[in-house]
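Below: the structure, in structure tokens.
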Amino acid sequence: MLNVAIIGCGFMGRMHANVYGLLEGANLVALVDHKPEKRASYSDDFGVPAYETLHELFEKHPDLDVVDVCLPTYEHKDAVMAVAAAGKHVFCEKPMAMSLHEADQMIESCANHNVRLMIGHCIRFWPEYVLLKKLVDDGSLGKLLSINLTRYGEFPTWSTDNWLAEEGKSGGGVLDMHIHDTDYIHFLLGEPSTVASWGNVDYRGPSQVFTTMTYPGGTIAHLEGGWNLPNHTPFKMAFRAIFERGAAIMDGGPMAIYEDGKEPAIPEFPKMQAAGGGNISDLGGYYHELAYFVNCLSTDKEFEITTPQSSKQSLATTLEEIRQLKSR
């Protein structure tokens with residue numbers, strides 16, 4: 001049984017706390033947040049003590065195994081390095097960091113202190129996207145010809161002190177939200193041959209991007225994502241994958257698989273209720289990624305679905321998308 005603490009009592013901290021309450025291999029023992037009202041609220045909700053600093057946490061819980069970092073992106077590097085220095089394994093929310101240099105520092109620190117690091121790219125674990133990966137890998141519908149990945153919505157106003165609105169802290173909608181699909185396309189198809197991006201920048205930074213990637217086998221990927229839509233615009237995540245002998249589509253409804261001469265197939269996935277606001281009502285990928293993390297630590301298995309290096313690679317491509325859209 002792994003003893004886990006969460007640092008950062010925001011939307012993602014609540015999602016992760018919900019998951020740890022469902023996992024048999026993990027025991028949530030503490031929370032950390034610098035805001036007293038959040039410490040009080042989350043401590044009441046989850047029945048564990050809450051502290052103001054990591055120093056207090058480590059002092060009170062010497063038997064801690066893992067710290068789950070759900071802080072704003074600009075605080076990831078310092079928090080991960082502090083946790084690693086304390087000899088605790090680290091789960092850190094995406095995006096990994098604000099720069100590749102920070103990502104390298106995080107990887108090096110965890111290696112030097114002999115602790116494991118995993119970045120929370122949950123779409124690699126989201127059931128519909130997992131099935132899409134299987135369809136691509138097993139070739140049951142033939143070669144993947146093209147894929148569209150879409151993720152957009154209104155600007156998320158729920159961040160503490162509105163940190164998401166500051167480009168220097170969040171990287172804008174492209175780094176904070178669109179990186180989900182950039183990471184997933186790396187998982188699905190590997191490194192692209194070409195990347196071409198256009199987009200929009202507003203007072204919150206790079207807020208919307210349209211990227212086309214090409215691959216050695218001829219597959220074309222088009223990614224759209226961001227948060228520059230008006231208030232009350234519904235959040236949307238969708239994909240349309242076209243194969244030689246069929247298609248897999250998730251767009252405003254359940255995933256459907258289409259093949260000529262057959263009725264559309266609607267796969268069924270279990271739903272786990274998520275509470276706490278934000279744009280996600282299903283624990284889905286959050287549960288599966290943390291279950292994977294806990295299982296790998298408990299059984300001393302190497303991370304394969306996602307690694308610190310793959311997370312750095314996705315960060316590098318997203319930063320290149322941002323560079324291109326700003327230069328046009």
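The values are calculated or read from the model by the stated rules, or taken from the named source; none is laboratory data. If you're wondering where the values come from, they're calculated on a predicted model, not measured in any experiment. FYI the Cβ positions are ideal-geometry reconstructions off the backbone, even for glycines, and counts take in every protein chain you see.
Just one of the numbered conditions (1) over 15 Å from residue 79 (Cα atoms); (2) over 13 Å from the mean Cα position of the chain (by Cα) is not true of residue 105: (1).
Applying the criterion of being part of a strand (DSSP E or B) and of a type in the set (Phe, Trp, Tyr) to the residues of region 232-254, the residue that is farthest from residue 184 (Cα to Cα) is 243. For region 81-98, a tally of residues being farther than 22 Å from residue 124 by Cα and either surrounded by fewer than 20 Cβ atoms within 10 Å (Cβ to Cβ) or hydrophobic (A, V, I, L, M, F, W, C) (or both) returns 7.
For region 63-73, indicate whether the set of residues that are loosely packed, with under 15 Cβ neighbours inside 10 Å, not assigned by TED's automatic domain parsing to the domain that holds residue 307 and not basic (Lys, Arg) is non-empty. Give the derivation first.
Narrowing region 63-73 to residues loosely packed, with under 15 Cβ neighbours inside 10 Å: 63.
Next cut, not assigned by TED's automatic domain parsing to the domain that holds residue 307 only: 63.
This time we only want the ones that are not basic (Lys, Arg), so: 63.
Yes: region 63-73 contains one or more residues that are loosely packed, with under 15 Cβ neighbours inside 10 Å, not assigned by TED's automatic domain parsing to the domain that holds residue 307 and not basic (Lys, Arg).
For residues that are surrounded by fewer than 18 Cβ atoms within 10 Å (Cβ to Cβ) and either free of Cβ contacts under 8 Å to residues at least 12 places away in the same chain or among the β-branched types (Val, Ile, Thr) (or both), tally how many sit in region 99-113.
So the answer is 3.
Exactly one residue out of 226, 199, 172 is farther than 18 Å from residue 94 by Cβ, surrounded by 22 or more Cβ atoms within 10 Å (Cβ to Cβ) and modelled with pLDDT of 95 or more, and it is 199. In region 1-42, the qualifying residues are those that are free of Cβ contacts under 8 Å to residues at least 24 places away in the same chain and outside any loop (DSSP other than H, G, I, E, B), and the one that is surrounded by the most Cβ atoms within 10 Å (Cβ to Cβ) is 40.
Report, by residue number, each residue of region 165-201 that is assigned to a helix (DSSP H, G or I), acidic (Asp, Glu) and either free of Cβ contacts under 8 Å to residues at least 40 places away in the same chain or more than 15 Å from residue 314 (Cα to Cα) (or both). Steps first, answer last, please.
Narrowing region 165-201 to residues assigned to a helix (DSSP H, G or I): 165, 167-170, 172-189.
In the following step, the residues that additionally are acidic (Asp, Glu) were identified as 167, 176, 181, 183.
Within region 165-201, just 167 meets the criteria.
Applying the criterion of being of a type outside the set (A, V, I, L, M, F, W, C) and under 17 Å from the mean Cα position of the chain (by Cα) to the residues of region 42-89, the residue that is farthest from residue 176 (Cα to Cα) is 68.
Given the criteria assigned by TED's automatic domain parsing to the domain that holds residue 259, basic (Lys, Arg) and touching a residue at least 40 places away in the same chain (Cβ under 8 Å), does residue 204 qualify? Yes. Within region 260-279, the residues that satisfy the criterion of being part of a loop (DSSP other than H, G, I, E, B) and modelled with pLDDT of 90 or more are 260, 261, 262, 263, 264, 266, 267, 268.
If you go through region 238-255 and keep only what is of a type in the set (Gly, Ala, Ser) and surrounded by fewer than 15 Cβ atoms within 10 Å (Cβ to Cβ), you end up with 252, 253. Based on this model, can you work out whether residue 156 counts as surrounded by fewer than 17 Cβ atoms within 10 Å (Cβ to Cβ) and either modelled with pLDDT under 95 or acidic (Asp, Glu) (or both)? So residue 156 does not fit the description; no. Does residue 181 fit the bill of being charged (D, E, K, R), touching a Leu at 6+ places or on another chain (Cβ under 6 Å) and either modelled with pLDDT of 95 or more or not assigned by TED's automatic domain parsing to the domain that holds residue 138 (or both)? When the stated conditions are applied, residue 181 passes them.
Taken over region 122-170, the criterion of being of a type in the set (Gly, Ala, Ser) and in contact with a Leu (Cβ under 8 Å, 6 or more places away or on another chain) is satisfied by 153, 170. In this structure, is residue 257 without any contact (Cβ under 8 Å) to a residue 12 or more places away in the chain and either assigned to a strand (DSSP E or B) or hydrophobic (A, V, I, L, M, F, W, C) (or both)? No: the conditions fail for residue 257.
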